[in-house]
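Read through the structure below, which is laid out as structure tokens, and then see the notes.
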Amino acid sequence: MTLFRSLLPCLFLGTAFTACSTVYESRVTYFNCGPEPDTTIAILTGHVFELKVLPEKKDTLVPLPGVVIALEEGRKTVSADTSGAFTLYLGLKNTHTFTVTKPGYQQLNVEGFFAEKETLAEINIVLAKGTKECTSRVTACKIAY
């Protein structure tokens, strides 16, 4: 079965729509899906960054450790490591909502992650300082073999 699938082209879908409008608000900056063969779960890996505004209008992204990613109203949580990386293992055929929080930063609600088949998705998130709450919507991950 794996050999047969590898001979066919794969379709990767992934986009993000953010309700916040400026670069100084929390948002999803990158989202993509691809196949992860022979898994019964969807895997979402990600990185969380902070936007640092530097002199001379040069901004940079810095990894943000200790961010809490709470899946579906706090039923399951993970924390970003020292490089801002995290991994979520999710069930297939369900729509997942999660929040990304850290004290002193704008909370980001990510909605709409739905995985079909054997999915590996990647996401990059930027948190901005402040108290505003933002929402970002990601597309379903539909992978055609």
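The values are calculated or read from the model by the stated rules, or taken from the named source; none is laboratory data. From a predicted model like this one, the values you see are computed outputs, not experimental measurements. Methodologically, a virtual Cβ is constructed for each residue, glycine included, from the backbone with ideal geometry; neighbour enumeration extends over all protein chains shown. Accessible surface areas use protein heavy atoms only, side chains included; no ligands, DNA or RNA. Shrake-Rupley method; radii C 1.70, N 1.55, O 1.52, S 1.80 Å.
Tabulated data for the structure shown
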| read-out | value |
| --- | --- |
| Coil-residue trypsin sites (Lys or Arg not before Pro) of the range 80-138, DSSP, other Cβ within 10 Å capped at 12 | Lys93 |
| Largest to smallest accessible area among Glu122, Glu116 [probe 1.4 Å] | Glu122, Glu116 |
| Thr77 long-range amide H proximity, modeled H, under 5 Å | Leu71 |
| Heavy-atom accessible area order for Thr97, Thr131, Thr77, largest first, 1.4 Å probe | Thr131, Thr77, Thr97 |
| Packing-based ranking, highest mean first, of 52-63, 79-90, 101-112 given that Cβ atoms within 10 Å are counted | 101-112, 79-90, 52-63 |
| Over 18 Å (Cα to Cα) - which of Lys57/Lys102; Lys76/Lys129; Lys102/Lys132; Lys52/Lys76 fall in this group | Lys57/Lys102; Lys76/Lys129; Lys52/Lys76 |
